[in-house]
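This report concerns only the one structure given below.
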Amino acid sequence: YRDVPFLSLSGDFAWDGQRTMLREVRLQHGSGELKAELLDVPEDFRLNVESTISPSVAQPLVSTKLRQFLSEWEWPQPPHVHLAAQGTSRDPQTWTGEGTIAQQRAAFRGVWMNSGSASFRFGDGALTFDNLRITRDEGIGTGSFTYDFARHEVRLANVQSTLRPADAIYWIDPKLFKAVVPYKFRQPPNVTTNGVVRFHGGKGDHLELTVEAPTGMDYVFLGKILPLERVTGRLLFTDDRLQLSDVNATLFSGSVKGDADISLAKGDPHYRASILVDAIDFPRLTDLYFKYDTAHGRLNGTYEFTGLGDNARTMRGNGKVTLHDGDVFAIPIFGPLSGLLGSILPGSGYSIAREAHASFSIRDGVIHTDDFNVSGKIFGMVGHGDLFFLNDKLDFDIRMSANGPGFLLAPVYKLFEYEGTGSLAKPVWRPKRF
């Protein structure tokens, strides 16, 4: 029938010219069997179906929109479907109904699931799945969603998932895939999804995801992998836009908070973000970025910035950073100063580097500060300059300042000024006045 090769058809029927009744209909196909009962009278149509035939078989028999939806599925084994429909005529456009579906391994848009089940209802050009349950090796997904062919949108209600986000988001809308891929969760997070996504180029997306990842995630920042723990946050997808808010995590025994506003528009990769860190373990941070071991320190800071995609040279921002009870000389660019200061007053190098703070700006691959300040029990240091983190060089000036017992040398501390040049990994510090 319409180029669909059925094996056999049997059933009982009655017809009086205007009214039709079919009972105990059995339709055999190579993929399974369909059982049906039908009543067709003027202004009243009813249909009950039990089927194990692959839904893909129905593609030549249904509307263009439903045919496109079915074409995105793969069923190695046909699902079991029960359907009860009614309408004013045999035209499917007039039908409303409900049913259930249960399936084993299947794929939607190329992403596989181990099993799936749901109750469903349809009418007015929309197909809604309630009590949805999908299983995969890594977890499950539950909730409700509506595929609205008439309004060209997908609506999701309380969809809760422990599935891999990059796979699950592809079921919702493939265009969101690239926005989710950078977040490398160690184990699938707990995600709750609500909202609407338009398809066929429509506008009006509003999809909200809340995320809880107790086992954390790995995130690449400035070329290094940050091992974030206990991550929570909120993602809001709107038209060509992703907003991250209420993002919280722990990092190196401290806390990280942040938010971001990211463009998803084609050809416009701009973004804005802010980060606040508190009590980050400084030794672990310096070991990650500089492979330098130190025993003490807690880092606090804020940073607000903008940029274009992954092009670090377009990053522009401002921030502040404070180090408490730490060793500033653990940062390689300042390490050689410890020896220089130690030659002036033995033992002063470590003393000087216990506390530090600075405000800074970043533009065109350059970190600039005018108020780098280091405090210690004996002396301090103040400095300003530029760190070219993309070109691996520095142009920085530092001088000693009086503090504590060092106040006795206040008249001469300006003599001890140093300028730093060379690479960030192997800087060269020279006295400016000798």
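The values are calculated or read from the model by the stated rules, or taken from the named source; none is laboratory data. Model, not experiment: these values are computed from the prediction. So basically every Cβ, Gly included, is an ideal-geometry build from the backbone, and we count neighbours across all protein chains shown.
Numbers below:
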| read-out | value |
| --- | --- |
| Residue match in segment 43-57 (condition: touching a helix residue (DSSP H, G or I) at 6+ places or on another chain (Cβ under 7 Å), modelled with pLDDT under 90, under 17 Å from Ala106 (Cβ atoms) and outside the structural domain of Gly125 (by TED's automatic domain parsing)) | yes |
| Subset of segment 199-228 [of a type in the set (Lys, Arg) and either more than 24 Å from Ser274 (Cα to Cα) or part of a loop (DSSP other than H, G, I, E, B) (or both)] | Lys203 |
| Counted residues, segment 215-234 - those being surrounded by 15 or more Cβ atoms within 10 Å (Cβ to Cβ) and either in contact with a helix residue (DSSP H, G or I) (Cβ under 6 Å, 6 or more places away or on another chain) or not charged (D, E, K, R) (or both) | 9 |
| Strands (runs of 3 or more DSSP E) fully within segment 96-156 counting 2 or more residues that are hydroxyl-bearing (Ser, Thr, Tyr) and touching a strand residue (DSSP E or B) at 6+ places or on another chain (Cβ under 6 Å) | 96-103, 115-123, 126-136, 139-148 |
| Residue check for Arg67: outside the structural domain of Arg136 (by TED's automatic domain parsing), loosely packed, with under 12 Cβ neighbours inside 10 Å, modelled with pLDDT under 95 and closer than 27 Å to Tyr147 by Cβ | no |
| Check on Val191, within 30 Å of Thr286 (Cβ to Cβ) and at pLDDT 95 or above | no |
| Residue list for segment 1-34, filter: of a type in the set (D, E, K, R) and either outside any strand (DSSP E or B) or touching a helix residue (DSSP H, G or I) at 6+ places or on another chain (Cβ under 7 Å) (or both) | Arg2, Asp3, Asp16, Arg19 |
| Meets criteria (in a strand (DSSP E or B), under 19 Å from Thr286 (Cβ atoms), hydrophobic (A, V, I, L, M, F, W, C) and modelled with pLDDT of 65 or more) for Ile367 | yes |
| Enumeration of residues in segment 144-199 that are in contact with a Ser or Thr (Cβ under 9 Å, 6 or more places away or on another chain) and acidic (Asp, Glu) | Asp148, Glu153 |
| Top-ranked residue in segment 47-64 [being in contact (Cβ under 8 Å) with a residue 24 or more places away in the chain and loosely packed, with under 14 Cβ neighbours inside 10 Å; ranked as farthest from Ser89 (Cα to Cα)] | Pro60 |
| Out of Val196, Val231, sole residue that is touching a residue at least 40 places away in the same chain (Cβ under 8 Å), within 30 Å of Leu288 (Cα to Cα) and either part of a strand (DSSP E or B) or touching an Asp or Glu at 6+ places or on another chain (Cβ under 8 Å) (or both) | Val231 |
| Positions within segment 145-166 being modelled with pLDDT of 95 or more, small (Gly, Ala, Ser) and surrounded by fewer than 18 Cβ atoms within 10 Å (Cβ to Cβ), in sequence order | Ala157 |
| Residue check for Glu24: within 29 Å of Asn131 (Cα to Cα) and either surrounded by fewer than 13 Cβ atoms within 10 Å (Cβ to Cβ) or free of Cβ contacts under 8 Å to residues at least 12 places away in the same chain (or both) | no |
| Segment 112-128, residues that are buried (at least 19 other Cβ atoms within 10 Å of the Cβ), modelled with pLDDT of 95 or more and in contact with a Phe, Trp or Tyr (Cβ under 8 Å, 6 or more places away or on another chain) | Ala118, Phe120, Thr128 |
| Search result, residues across segment 268-304 that are crowded, with 18+ Cβ neighbours inside 10 Å, hydrophobic (A, V, I, L, M, F, W, C) and farther than 14 Å from Gly254 by Cβ | Ala273 |
| Selection within segment 1-46 - among the hydroxyl-bearing types (Ser, Thr, Tyr) and closer than 22 Å to Thr94 by Cα | Thr20 |
| Tally, over segment 79-99, of residues that are surrounded by fewer than 18 Cβ atoms within 10 Å (Cβ to Cβ) and touching a Ser or Thr at 6+ places or on another chain (Cβ under 8 Å) | 8 |
